[in-house]
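Colleague: What follows is a structure written as structure tokens; I'll ask about it next.
FYI, it's all coordinate maths here, none of it is from the lab. Note that the coordinates shown come from a computational prediction; the quantities given were computed from them, not determined experimentally. Please note: Cβ atoms are built from the backbone with ideal geometry, for glycine as well, and neighbour counts cover all protein chains shown.
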Amino acid sequence: MNKIKYNSEVLHALEHNLPIVALESTIISHGMPYPANLEVAKKCEQIVRDNGAVPATVAIINGEIIVGVTEEQLEYLATSKEVLKVSRRDFAYVIANKLSGATTVAATMMIAKMANIALFATGGIGGVHRGVEQSWDISADLEELATTDVCVVCAGAKSILDLEKTLEYLETKGVLVVGYQTNELPAFFTKESGIEIPIRMDSPLEIAKVLKTKKNLNITQGILITNPIDGKYSLNKKEIDETISNAIKEMEEQNIKGKKVTPYLLSKINELTKGESLNANKQLVYSNCKLAALIAVELKNYEQDN
Ligand code: PSU
Ligand code: MN
């Protein structure tokens, strides 16, 4: 049996039924450049603590499932080139061979569920890629949301994806997508996408009530909370959309496919915007960590009272 390895902070939280927020590690190893990735990972953990919950950064190290990395492990994830990108598909292979991997949204959801952690904060999820008619590229994150009962807080999805098709896919699979204080699907770097979200919620308590009800009803899909980037950090939509189109064009020229697609586009966009997008990326992740912590706290309170 593969046991989960918890750090002392997470173990204490589990033993005392305290609110916990899972954090993914692909964003650290494959989503941001060093040293910004390390700074962001540490600050995310601190923001979760500052808002009343316990952070649990998830990864696989030497074949062990880690829930709550140590500082040393975090450094390793931020700097090592040998860390694999692990989605559901890769999970058993990486563990059987005692390899190390950073977990995507899909794999982090799997592990959060195993550890009985209800909330998970990230930047953006994977989804249906633009040009899916040719590539068939649909992230395993969507299938995981369809099957694994974890609440994921994100800033929508980058327009490297086909946002409308991503929403349609989630609807088909019965995944509740919530606009947090918005009626529009946020598009990661920008508050707006022009795409309507049918369900809006305005407070962590409102979300906690739905999570509890969903549990009572035994609805096993995940929930996606989309939290728009703060207006003061939101990028210019026209400019970033153009940058993203250029990045996709370069990717196609270089014939990049499969699991390399998302990391390639993320680093290309960072490069093309000369770090401007990275700053927006940091701010939206921080905001998601805060919101996830507040929901986790409300959920524990609500569960105790009802
Ligand atoms: N989108 C982002 N930043 C990220 C990712 C997606 O804006 O870091 C990462 C997440 O870990 C997500 C993964 O789960 O990429 C999706 O990869 P793929 O498209 O290969 O499923
Ligand atoms: Mn893909």
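Colleague: Amide H of residue 59: which non-local residues (sequence gap of 5 or more, or other chain) have their own amide H closer than 5 Å, using H built in the peptide plane?
Modeller: Counting only residues 5 or more places away or on other chains, the set is 66, 68.
Colleague: Oh, and also: Just name one of 207, 156, 166: the one whose Cα is farthest towards the positive end of the charge dipole of the stretch 153-306 (beta-carbon charges, Lys/Arg +1, Asp/Glu -1).
Modeller: The listed residue farthest towards the positive side: 207.
Colleague: Relative to the Cα centre, what is the charge dipole magnitude of the stretch 67-189, using +1 at the beta carbon of each Lys and Arg, -1 at the beta carbon of each Asp and Glu, and rounding to the nearest 20 debye?
Modeller: 220 debye
Colleague: Test of understanding: what is the full-extension gain from residue 250 to residue 3, defined as 0.36 nm times their sequence separation minus their Cα-Cα distance? Spell out each step's value before the answer.
Modeller: Details: separation 247, 0.36 × 247 = 88.92 nm, distance 4.23 nm.
Full extension of this stretch gives 84.7 nm more.
Colleague: Which three lengths, in whole Å and largest first, does the stretch 218-306 cover when its Cα atoms are put on their principal axes?
Modeller: 56, 33, 17
Colleague: With just the Cα atoms defining each centre, how far is the stretch 65-127 from the stretch 265-306? Give it in Å.
Modeller: Using only Cα atoms, the two centres lie 17 Å from each other.
Colleague: Now a separate question. Using a Cα-Cα cut-off of under 24 Å, which lysines could be cross-linked to residue 232, ignoring same-chain neighbours fewer than 8 residues away?
Modeller: Qualifying lysines at Cα under 24 Å: 42, 43, 158, 191, 268, 274, 282, 290.
Colleague: Where nothing but the Cβ of Lys and Arg (+1) and of Asp and Glu (-1) is charged, how large is the charge dipole of the chain around its Cα centre, in debye to the nearest 20?
Modeller: Dipole magnitude for the chain comes out near 380 debye.
Colleague: What relative contact order, as a whole-number percentage, does the chain give when Cα pairs under 8 Å and 6 or more residues apart are counted? Can you show the working numbers first?
Modeller: Values: 627 pairs, mean separation 62.6, N = 306.
Relative contact order, the chain: 20 percent.
Colleague: Over the Cα atoms of the chain, each weighted equally, I'd like the Debye log10 I(q)/I(0) at q = 0.12, 0.13, 0.16 Å⁻¹, rounded to two decimals.
Modeller: Taking Cα atoms of the chain as identical point scatterers yields -0.72, -0.86, -1.38.
Colleague: Given the options 120, 136, 63, identify the residue whose Cα lies farthest towards the positive end of the charge dipole of the chain (+1 on Cβ of Lys, Arg; -1 on Cβ of Asp, Glu).
Modeller: 63
Colleague: Whose amide H sits under 5 Å from the amide H of residue 176, counting only residues 5 or more places off or on another chain, with H placed in the peptide plane?
Modeller: Placed amide hydrogens put 224 under 5 Å from residue 176.
Colleague: Per DSSP H run of n ≥ 4, the term is -39500 (n - 2.57); total these for the chain, divide by its residue number, and report the mean residue ellipticity at 222 nm rounded to 500 deg cm²/dmol.
Modeller: Numbers: 12 runs with 142 residues, N = 306.
Using -39500 (n - 2.57) per qualifying helix, the result is -14500 deg cm²/dmol.
Colleague: Still on this structure, I have one more. If we restrict to alpha carbons, what Rg and Dmax does the stretch 34-123 come to, in Å?
Modeller: Cα radius of gyration and Dmax of the stretch 34-123 are 12.7, 38 Å respectively.
Colleague: Moving to a separate point now. Does the stretch 79-133 classify as rounded, prolate or oblate by the C-alpha gyration tensor (a ≥ b ≥ c root eigenvalues; a/c under 1.5 gives rounded; else a/b over b/c gives prolate, otherwise oblate)? Please list the in-between numbers first.
Modeller: Details: a/c = 1.72, a/b = 1.16, b/c = 1.48.
Judged from the Cα gyration tensor, the stretch 79-133 comes out oblate (a/c at least 1.5, b/c at or above a/b).
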